[in-house]
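Data block below; observations after.
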Amino acid sequence: MRGRAKWTGLGAVVVVLGLAAAGAWRYEEHVHRQPDWQIHHTAVPDAAKKVDDVLAQFERDHLYKADDYLHSAGQHPDVQVLSVTGQTHWQTGVTLILKVTGHGMARGFDHVVLQQGDVPICFRLQMGPKKDSRDDDVDCPAGAPLSVPKDPSLQGVDERLRSALNPVGPNEAAVRSAVAGLKLDPAIHQDFAVQDGVVGVALRASQYDCVVARVAAPGDVTLWRPSHTQLAPGELDCSAGLALSSEFNTSPH
């Protein structure tokens, strides 16, 4: 009896291990046969994080017009706007369909990555009229994305501007020439002004991308980037006049 019980127990172990192995084989077979499903499934949360950034920018900028939603969303990397309907947030509501690139992967039974790739995932954003909502991983409509011009950028300009202005002193013509020598994107707005022997300079790439400089003497150059809050609509203007005003280089209240 003891021998029979012993063999029965070993048989049960063999059966369990066999079932586990069979299950692992079936899982591996499923993954190899349908890796696209797993890649898509894991790409959705990756793309959703990028949509979170889009919505955060909407809220930060207090947007309510359809054109502003379109422009803002189109500035984000890996985000395309497929459609926009409605005019304003509180009256008609604004609906956007975004196509967002997400990175997904298919893993095997032992969590080893078998395949990975970038996948387009579509999202529906409903902004108003009564409340905001969002649907993830909706069917992507046919058609090309809307054309959204990218804003120029002042990234990396600060030290180049300081180096160019340091030797010239408060001479407007020399300051203009120094800025022209930087060969900035023509879409970046340049503004110059002189007051009491001081030259003010303002470079503006977009609503919130602004560098203001004050040139008081050779080697006496002060650069300032107003905060997002200070550049909000109705607040400070990114202008050479700001560089020469009492609000220059101040902290937001």
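The values are calculated or read from the model by the stated rules, or taken from the named source; none is laboratory data. Given the structure is predicted, the values throughout are model-derived calculations rather than measurements. We place every Cβ from the backbone using ideal geometry, glycine too, and count neighbours over all the protein chains shown. With ligands, DNA and RNA removed, areas are computed over all heavy atoms of the protein, side chains included. Shrake-Rupley method; radii C 1.70, N 1.55, O 1.52, S 1.80 Å.
For the stretch 41-164, the Kirkwood hydrodynamic radius from C-alpha pairs, put into Stokes-Einstein at 37 °C and a viscosity of 0.692 mPa s, yields a diffusion coefficient of 204 µm² per second. Enumerate by residue number the trypsin sites (Lys or Arg not before Pro) in the stretch 140-176 meeting two conditions: DSSP loop (anything except H, G, I, E, B), and at most 13 other Cβ atoms within 10 Å of the site's Cβ. The qualifying sites are Lys150. Legend: residues Tyr64, Tyr208, sorted from most to least accessible area (1.4 Å probe; ligands, DNA and RNA excluded), read Tyr64, Tyr208.
Applied to the stretch 91-102, the Karplus parametrisation 6.51 cos²θ - 1.76 cosθ + 1.60 on θ = phi - 60° returns per-residue 3J(HN,Hα) values of 8, 9, x, 10, 10, 10, 10, 10, 10, 10, 7, x Hz, with x for Gly and Pro. Just the protein heavy atoms count here, and of the accessible area of the chain at 1.4 Å, carbon and sulfur take up 54 percent. Couplings 3J(HN,Hα) of the stretch 234-246, computed from phi: x, 9, 6, 9, 7, 9, 5, x, 5, 5, 9, 9, 6 Hz, in residue order, whole Hz [Karplus 6.51 cos²θ - 1.76 cosθ + 1.60, θ = phi - 60°; x for Gly and Pro]. For the chain, report the accessible area per residue in Å² (1.4 Å probe, heavy atoms, rounded to an integer). Result: 59 Å² per residue.
Calculation over all alpha carbon pairs of the stretch 119-253 in 5 angstrom steps from 0 returns a P(r) of 2, 9, 17, 17, 13, 10, 7, 7, 6, 6, 4, 1, 0 percent. Karplus-based coupling profile of the stretch 126-142, in residue order and whole Hz: 10, 9, x, x, 9, 8, 9, 8, 8, 10, 8, 6, 8, 5, 7, x, 6, with θ = phi - 60° in 6.51 cos²θ - 1.76 cosθ + 1.60 and x standing for Gly or Pro. Taking Cα centre as origin and charging only the Cβ of basic (Lys, Arg, +1) and acidic (Asp, Glu, -1) residues, the dipole magnitude of the chain rounds to 1180 debye.
Note on Arg60 and Ser133: with the Förster distance fixed at 22 Å, the Cβ-Cβ geometry gives a FRET efficiency of about 0.70.
For the chain, the calculated P(r) over all alpha carbon pairs, in 5 Å bins from 0 to the bin holding the longest distance, is 1, 6, 10, 11, 10, 9, 8, 9, 8, 7, 5, 4, 3, 2, 2, 2, 1, 1, 1, 0, 0, 0 percent. To the nearest µm²/s, what D does Stokes-Einstein give for the stretch 210-253 at 4 °C and 1.567 mPa s, using the Kirkwood radius over alpha carbon pairs as Rh? The diffusion coefficient I find is 119 µm²/s. Evaluating kT/(6 pi eta Rh) at 20 °C and 1.002 mPa s, with the Kirkwood radius of the stretch 147-186 over Cα pairs in the Stokes-Einstein relation, gives 188 µm² s⁻¹. Annotation: amide H-H contacts under 5 Å for Ala106 (H modelled 1.01 Å from N, sequence separation of 5 or more, or interchain): Leu114, Gln115, Gln116. Distances between placed amide hydrogens fall under 5 Å for Leu82 paired with Ile97, Leu98, Lys99, Leu146, all partners being 5 or more residues away or on another chain.
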